[in-house]
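Visitor: Would you mind keeping the following structure in view while I ask a few things?
The values are calculated or read from the model by the stated rules, or taken from the named source; none is laboratory data. All values derive from a computational prediction rather than experimental measurement. Cβ: placed from backbone, ideal geometry, glycine included. Neighbour counts: every protein chain shown. Ligands, DNA and RNA are excluded from the accessible area calculation, which covers all protein heavy atoms including side chains. Shrake-Rupley method; radii C 1.70, N 1.55, O 1.52, S 1.80 Å.
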Amino acid sequence: MNILLIGSGGREHALAWALSNSPLLTKLFAAPGNAGIAEIAELISVDVADHEAVISFCQTNAVDFVVVGPEAPLVAGLVDDLTAAGIKAFGPSKAAAQLEGSKSFTKAICDAANIPTAKYGHFKTADDAKAYVEAHGAPIVVKADGLAAGKGVVVAMTKEEALAAVDACFEGSFGAAGAEVVLEEFLEGEETSFFVLVDGENFLPLATAQDHKRAYDGDKGPNTGGMGAYSPAPVMDEAIVSRTIDEIIKPTVDEMAKRGTPFKGVLFAGLMITDEGPNLIEYNTRFGDPECQVLMMRLKDDLLTLLLASADGTLDKVDARWHDDVAMTVVLAAKGYPGSYENGTQIKGIEKAADGPDVAIFHAGTKQVDGQLLANGGRVLNVTAHGTTVQEARDKAYAAVEKIDWPEGFCRTDIGWRALQS
Ligand code: AMP
Ligand code: GLY
């Protein structure tokens, strides 16, 4: 099969790595890709926001299946347009991607299907939102309703902070995403992620993972896209996984089907494990980045077969098996990220760092220029390793990080701290 992979992050390099091992693969294209993906796929320069151009590329190059990595093209309806043109694609329709694209939509699904989640209010004006803050006090969580690249959430520990966050949203800090606001009860517990493949009707649980959202050690500093992850997540024991499936995943899949907007693709549940059990914080409608990197390292079965089963509605006929090992990924980011940072600095030593069978280095923001590997983004590399324990995976990942010569980069030195304590 000829496959087109959409995206350019560490997630997409991990997907490309897994797809390139598939016995079903003939040719892998990627748009736009990065320097790591270029080693296993042909990069193409089609603008992924131009759906007609993507369709035309697929028709000209006999692409059989399109795998969409990031959320923006999903929310923009790329899968709908490909499907209408007769091209098979992995990922949800625009309507089903609202599970990620609109927080109030997901809250309404939770209400309809009785899914455990934080109590909330949904507001279209600053005055109404502020009245809710006054009535409920702090701590309280303020969320821009729409897609804000992971930056539209403020966990306000004081009423003043919450009121300021409401103003910031309605004054346009998050653009159109902040035109409506969701205010939420603050949930206490351990945060974790659960990934499930869905085909509209059936679902196949994949694996658990934990991310590290803050930029610096000790979970300090600004929120980022994620600075490191590991899988499995110790907090997700069998009982919690089973409750998550029964109380959150299945009701969501059924409710989406009942509404005539069945969900297909990967459902990424962000959970808070509270004293009462799992609560849904948010859904994403794609693989996590960097969670995907650790999932792909643990997956024993053929990824392409699983993604096709999601698109074809045959997930009840496949299974996914996982290595028992722990996988961990450490993100190397450009100094300054998630604020401003320099592009174009040179990275050396990658081949030396990735020379063992237990280590893979997935590229995110990189490009090759005249034989040199250059940084080209905030999150730049994902140094990923596996071992029989969290400690072993972590030791291997950080030993590989040490071999990379990139003075303009940084990483957290404490990825996995929570799992090491449990
Ligand atoms: P979200 O984009 O909805 O995942 O929110 C970003 C981050 O804010 C989450 O990863 C949590 O750490 C935190 N958060 C979101 N909602 C809540 C909540 N109701 N209670 C506590 N923390 C939350
Ligand atoms: N790492 C979190 C995310 O992909 O949204």
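Visitor: Quick one: pull the percentage of alpha-carbon pairs in the chain with a separation above 40 Å. All intermediate terms of the calculation are to be shown ahead of the outcome.
Guide: On the way: 11406 of 88831 pairs.
Everything past 40 Å amounts to 13 percent.
Visitor: Could you work out the relative contact order of the chain? I mean the mean sequence separation of Cα pairs under 8 Å and 6+ apart, divided by the number of residues, in percent. List each step's numbers first, then the result.
Guide: Details: 1000 pairs, mean separation 68.1, N = 422.
After rounding, I find 16 percent.
Visitor: If amide H atoms are built 1.01 Å from N in the plane of the peptide, which residues on other chains or at least 5 residues away come under 5 Å of the amide H of Phe263?
Guide: Amide H neighbours of Phe263: Gly200, Ala257.
Visitor: At a threshold of 8 angstrom on Cα-Cα distance, excluding pairs fewer than six apart, so keeping six or more, what relative contact order does the stretch 70-156 reach in percent?
Guide: Numbers: 77 pairs, mean separation 18.0, N = 87.
Here the relative contact order equals 21 percent.
Visitor: Same structure again: Ratio of alpha-carbon Rg to the 2.2 N^0.38 Å globular estimate for the stretch 221-339, to two decimals, please.
Guide: My calculation over the Cα atoms of the stretch 221-339 gives 1.19.
Visitor: Also, quick follow-up: For Asp111, Asp237, give me the order by solvent-accessible area with a 1.4 Å probe, most accessible first, ignoring ligands, DNA and RNA.
Guide: Numbers: Asp111 100, Asp237 80 Å².
Largest accessible area first, the residues go Asp111, Asp237.
Visitor: Let me ask something else. Quick check: the distance between the Cα centres of the stretch 346-380 and the stretch 1-67, to the nearest angstrom?
Guide: 19
Visitor: For Asp395 and Ser340, FRET efficiency with R0 = 41 Å and r from the beta-carbon atoms, rounded to 0.05? Display every interim value, and only then the final one.
Guide: Working: r = 33 Å, r/R0 = 0.81.
After rounding to 0.05, the efficiency reads 0.80.
Visitor: Now, a different point. Return the FRET efficiency for the residue pair Lys300, Asn114: r is the Cβ-Cβ distance, R0 is 35 Å, and the value is rounded to the nearest 0.05. Don't skip to the answer; put the middle values down first.
Guide: Working: r = 35 Å, r/R0 = 1.01.
That pair, Lys300 with Asn114, gives E of 0.50.
Visitor: Using every alpha carbon pair in the stretch 1-145, what percent of pairs falls into each 10 Å bin from 0 up to the bin containing the largest distance?
Guide: 11, 32, 24, 17, 13, 4
Visitor: In addition: Label-point separation (nm) for Glu408 and Ala76, each offset 7 Å from Cα along Cα-to-Cβ?
Guide: Simple spin-label model gives 2.7 nm for this pair.
Visitor: May I pose another question? Could you tell me which of the pairs Lys151/Lys348; Lys213/Lys317; Lys213/Lys335; Lys348/Lys396; Lys213/Lys250 are separated by over 25 angstrom between their Cα atoms in the structure shown? It would help to have the intermediate numbers written out before the result.
Guide: Numbers: Lys151/Lys348 31 Å; Lys213/Lys317 36 Å; Lys213/Lys335 16 Å; Lys348/Lys396 19 Å; Lys213/Lys250 27 Å.
Among Lys151/Lys348; Lys213/Lys317; Lys213/Lys335; Lys348/Lys396; Lys213/Lys250, the Cα-Cα distance tops 25 Å for Lys151/Lys348; Lys213/Lys317; Lys213/Lys250.
Visitor: Sorted from largest down, what three extents in whole angstroms do the Cα atoms of the stretch 99-185 have along their principal axes?
Guide: 33, 27, 20
Visitor: Could you run the Karplus curve 6.51 cos²θ - 1.76 cosθ + 1.60 with θ = phi - 60° over the stretch 42-55 and give me ³J(HN,Hα) per residue in whole Hz, x for Gly and Pro?
Guide: 8, 7, 10, 9, 5, 6, 6, 6, 9, 4, 4, 5, 5, 4
Visitor: Separate question: Quick one: work out Rg over Rh on the C-alpha atoms of the stretch 208-255, Rh as Kirkwood radius. All intermediate terms of the calculation are to be shown ahead of the outcome.
Guide: On the way: Rg = 14.3 Å, Rh = 12.6 Å.
On the Cα set of the stretch 208-255, Rg over Rh gives 1.14.
Visitor: Using a probe radius of 1.4 Å on heavy atoms only, what accessible surface per residue do you get for the stretch 86-142? Whole Å² is fine.
Guide: On the way: 2370 Å² over 57 residues.
Ligands and nucleic acids excluded, the figure is 42 Å² per residue.
Visitor: Work out, step by step, the length gained on full extension between Asp319 and Lys258: first 0.36 nm times the residue separation, then minus their alpha carbon distance; give nm to one decimal. Spell out each step's value before the answer.
Guide: Details: separation 61, 0.36 × 61 = 21.96 nm, distance 2.53 nm.
Contour length minus Cα-Cα distance gives 19.4 nm.
Visitor: Sorted by packing (mean other beta-carbon atoms within 10 Å per residue), highest first, where do 356-366, 380-390, 249-259, 9-19 land? Intermediate results must be reported in sequence, preceding the final value.
Guide: Working: 356-366: 21.3, 380-390: 24.0, 249-259: 18.1, 9-19: 27.7.
Sorting 356-366, 380-390, 249-259, 9-19 by mean packing, highest first, produces 9-19, 380-390, 356-366, 249-259.
Visitor: Once fully extended, how much extra length lies between Thr26 and Met157, figured as 0.36 nm per residue of separation less the alpha-carbon to alpha-carbon distance?
Guide: 41.9 nm
Visitor: Considering the options Val359, Gly218, Gly69, tell which one lies farthest towards the positive end of the dipole of the chain, charges being +1 on Lys and Arg and -1 on Asp and Glu at the Cβ, about the Cα centre.
Guide: Of the options given, the answer is Val359.
Visitor: Let me ask you something else. Could you go through the stretch 183-194 in sequence order and give the Karplus-derived ³J(HN,Hα) for each residue, using 6.51 cos²θ - 1.76 cosθ + 1.60 with θ = phi - 60°, rounded to whole Hz, and x for Gly and Pro?
Guide: Running phi through 6.51 cos²θ - 1.76 cosθ + 1.60 with θ = phi - 60° gives 10, 9, 4, 7, 9, 9, x, 9, 8, 7, 10, 9 Hz.
Visitor: Stretched out fully, how many nm does the piece from Ala49 to Arg243 gain, at 0.36 nm a residue minus the Cα gap? Each step should come with its number before you reach the end.
Guide: Numbers: separation 194, 0.36 × 194 = 69.84 nm, distance 3.83 nm.
Residue separation times 0.36 nm, minus the Cα-Cα distance, leaves 66.0 nm.
Visitor: On to the next question. Just the number, please: carbon plus sulfur as a percent of the accessible area of the chain, 1.4 Å probe, no ligands or DNA/RNA counted.
Guide: Carbon with sulfur: 49 percent of the solvent-accessible area.
Visitor: Still on this model: Order Met157, Met1, Met328 by their accessible area, 1.4 angstrom probe, all chains in place, largest first. Write out the running numbers ahead of the final one.
Guide: Working: Met157 110, Met1 55, Met328 0 Å².
Result of the area sort, largest leading: Met157, Met1, Met328.
Visitor: Moving to a separate point now. Equivalent-ellipsoid semi-axes (√(5λ), Cα gyration tensor) for the stretch 139-238, whole Å, largest first?
Guide: Values: eigenvalues 156, 67, 35 Å².
Calculated on Cα positions only, the semi-axes equal 28, 18, 13 Å.
Visitor: Out of residues 5 or more away from Trp322 or on other chains, whose amide H comes under 5 Å of its own, with H placed 1.01 Å from N in the peptide plane?
Guide: Lys300
Visitor: Also, I was wondering about something else. Would you mind working out the accessible area per residue for the stretch 221-302, using a 1.4 Å probe, and quoting it in Å²? If you can, show how the numbers build up before the last one.
Guide: Numbers: 2680 Å² over 82 residues.
Roughly 33 Å² per residue, with all protein chains present.
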